[in-house]
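Novice: Pasting a structure below so you can have a look.
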Amino acid sequence: MRTITVSTWGKMGLGEIRVRVDEYASESQSAARSIERRTGLEFCGGPRHDGTSQGSCHYHGTLGEHLRTGGYSVVGEIWFAIGLPR
């Protein structure tokens, strides 16, 4: 297991967070799970890859609460960036 630094921003942004990545998960999956745990919300749209810029991969997703009747109640959105390996 290794640890990476993920930068988040937007209305639901958390600033810089440290995320543990196990050997069977991708960095973006691990970051998404960490964001869900920290916010108490679920990704109901994404996260999707938004491209690469300035040495990092950028992602965007919609966060919300799962409804018992199905679907989600959207609360907000978040962007995050994961640095590329050097």
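We did not get these values from a lab; they are worked out from the coordinates using the rules stated. Every value quoted in this text rests on a predicted model; they were computed, and no experiment measured them. Glycine gets a Cβ as well: all are built from the backbone with ideal geometry, and neighbour counts include every protein chain shown.
Novice: Pairs under 8 Å by beta carbon, first residue over 21 Å from LEU63 (Cβ atoms) in the range 1-24, partner surrounded by 10 or more Cβ atoms within 10 Å (Cβ to Cβ) and of a type outside the set (Val, Ile, Thr), six or more apart or different chains?
Specialist: Pairs found: MET1/ARG20; ARG2/ARG20; THR3/ARG20; ASP22/SER30.
Novice: Being closer than 15 Å to ILE82 by Cβ and either part of a loop (DSSP other than H, G, I, E, B) or in contact with a Lys or Arg (Cβ under 7 Å, 6 or more places away or on another chain) (or both) is the filter here; which residues of the range 1-16 pass it?
Specialist: Those that are closer than 15 Å to ILE82 by Cβ and either part of a loop (DSSP other than H, G, I, E, B) or in contact with a Lys or Arg (Cβ under 7 Å, 6 or more places away or on another chain) (or both): THR3, THR5, GLY13, LEU14, GLY15.
Novice: For the structure I just gave you, tell me whether ILE17 is under 12 Å from the mean Cα position of the chain (by Cα) and surrounded by fewer than 17 Cβ atoms within 10 Å (Cβ to Cβ).
Specialist: So ILE17 passes the test.
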